[in-house]
1. To two decimal places, what compactness ratio does the chain give when its Cα radius of gyration is scaled by 2.2 N^0.38 Å?
2. Please give the per residue accessible area of the stretch 418-485, computed with a probe of 1.4 Å over protein heavy atoms only, in Å².
3. Skipping prolines and chain starts, which residues have an amide H placed within reach, meaning under 5 Å, of the one on K447, given they are 5 or more residues away or on another chain?
4. Which percent of the accessible area of the chain is formed by carbon and sulfur heavy atoms (probe 1.4 angstrom)?
5. For the stretch 71-218, just say rounded, prolate or oblate: build the C-alpha gyration tensor, square-root its eigenvalues into a ≥ b ≥ c, call rounded for a/c under 1.5, and beyond that prolate if a/b exceeds b/c, oblate if not.
6. Efficiency by 1/(1 + (r/R0)^6): what FRET value for M117 and Y415, r their Cβ-Cβ distance, R0 = 30 Å, to the nearest 0.05?
7. Contour minus end-to-end for R620 and F264, with contour as 0.36 nm per residue of separation and end-to-end as the Cα-Cα distance?
8. Which value, in debye to the nearest 20, describes the size of the charge dipole of the stretch 118-203 about its Cα centre when Lys and Arg Cβ atoms bear +1, Asp and Glu Cβ atoms bear -1, and nothing else is charged?
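The values are calculated or read from the model by the stated rules, or taken from the named source; none is laboratory data. Source: prediction; values computed, not measured. No Cβ is skipped: glycine too gets one built from the backbone with ideal geometry, and neighbour counts run over all protein chains shown. For the accessible areas, the whole protein counts, side chains as well, though only heavy atoms, and no ligand, DNA or RNA atoms are used. Shrake-Rupley method; radii C 1.70, N 1.55, O 1.52, S 1.80 Å.
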Amino acid sequence: MTAAYVIRWVRAREYRHLAISAALAFTGFVIGLACNAVVTLTTMDYAKASLRDGSALATAGGSVTKTGLSQAYALSYSMYKTEAFELLVPKIYGGGGPLDAMISQDDSRAIAALQNMPPQAANALQRFLYFYWGGISAGSTGGPAYAGAIICLLALLGFFLLDGKHKWWILAASILAIFMSWGSYFVDFNGFLLKVLPGYDKFRAPSVAIVIPNFLFCWLAILVLDKLLKLSPADRAQTWQQYKKGLYLTGGVFVVLLVCYFGFDYTGQSDAQLLKIAAAQQSQVQEVIHSYLHDMRTDRQSIFFNSLVRSFLFILIAALLGIAWIKGRIKPLLALGLIGGLAVIDILTLDTLYMNSDNYRDIEEAQTPFTATPADQAIMKDTGYYRVFDLRQGAGAAITNLATAAWFHRTVAGYHPAKLSIYEDLLENQLEKYPDCQPTVDMLNAKYLLLPTADGRGDSAALNPGALGPVWFVRGIRSAATPRALMDDLTTLDTKDTALVFSDDHAAATISNTPADGDTIYLTHNDNDEMTYRSVTKNPRFAVFSEVYYDRGWHALIDGTETPIVRTDYALRGLAIPAGKHNITFIFHPASYYTGRVIQVVASILLFALLILAGVREWRMIRKE
């Protein structure tokens, strides 16, 4: 939009207008950014410690590099090229989201097939029940980026009914965003953007760029309705000719969609996984799996067809109302109300499939999303401060993708979309290799292990007697020069008696570690952003705290005096404790948050002052007129 206006003003030699507009736009940008300073600064700050800024242990071919995400990882969660048609037909690729939002269970052949199978086979195949079969690699998505059939009709009409002031830059921005949403399916273009577009390699998902045309199509639709509302009798003939061209374009889009409907194979990425499993089975089992996949593809095609018909009918009714409007056979305000009402019905009837009254309940009515197993219940009888290591799905990558245990316990694994780099290193290089990581399990205070039963149908709780608690004193300190060397040493480290630090930190950690009877250190209080401990020692000691090291906000105070926190055992906190009795406090006080809060308050005051000033100026002009 900026480029379009600059080109227009330069051509008209309106340099003064350009300068004033640029100054106002820049002022608005700065104020807008400052009004969101808390979110912006804290996110930027955390990104430096997350995988988005790379990993010190990154290896060639991995998902992360030394400086950020790899191209393959950064461009995952991408949309197929034809998936952008979801703006017009929401369920072209199944729709995604809750099962009921995609298809009625009574109409599904795949669900009927599962119901007619033996329970064991049905349970195994139900894991592959994906009606969404689009490009997003996880096999599922929260729902389509549906702009609305009527919105899309009006937007397409806008390319013929409107002048060039807005439609061309909107088209350019929409095409750019659609290209970006293709991600790994248009890797030459998006790989280039990763290299040249600042911050793009920190982005979560390329597919979310589709919200840009979603928003801009709404803008075009509003401009079209505004023009029709101001239509004079003298312009009806010309407008009708332009309107027909827009209808031809819309019809062309539906022809393309019909070609897609008959040309798609309706095969998702999860289907390929199931076919690999089928290849190793007996012929009878293979036949059941292939029949199940055929039913799934039939359901997906049915979902597409029903959604296509739905969008076509909404567009047909709106187009007829538009014809009556242009021909003068219906009053403009009535036509506007009918088309607007249809657009609301179009969008809300789909939206309420994904968010409705079931999403808003009193806490008394809400049901617990997870049920505690007997093993969970047994662990929860322990009211101490400890963590749990959930191995019910086995070791390996599963421990970083499952977080259900966190509903009941403090856990050492789980999932996060923007992973903390040093802790992810610990997960990948230690915990995923269980049981060859006992020193790490102990230092993370994993007092209990959640394990599967022998038959795989239940779980059990096992006590880890080596768990070291929330804090402990060590007898010796070893150092390593590089992150890789330190991580490798951690595999065989006696974490109870020895601490590992980086060579550069050895001076801060080197202190008399002569143990004495009665030396104690223990946790007295634990809160989200403040933890307190009490220590009693006869000699200076070095303590290791079973809390993740994070130097972008955590501060350590010994009797009120700040003391440097030493990164210990790769991902934990260490502290040199003087002899005597001391109160130790860890406080989370990130400068990014508190600086951002000051900036945000000042900017908000300035914004409101400008709004008041603008209101007073407008009132004076109206009064003068």
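1. Values: Rg = 30.7 Å, N = 625, 2.2 N^0.38 = 25.4 Å.
Ratio of Cα Rg to 2.2 N^0.38 Å: 1.21.
2. Here the per-residue accessible area is 43 Å².
3. For K447, the qualifying residues are R387.
4. Here carbon and sulfur together make up 60 percent of the probe-accessible area.
5. Working: a/c = 3.82, a/b = 1.57, b/c = 2.44.
The shape class here is oblate.
6. The formula returns an efficiency of 0.45 here.
7. 121.9 nm
8. Values: 5 positive and 3 negative charges, 20 e Å.
Dipole size: approximately 100 debye.
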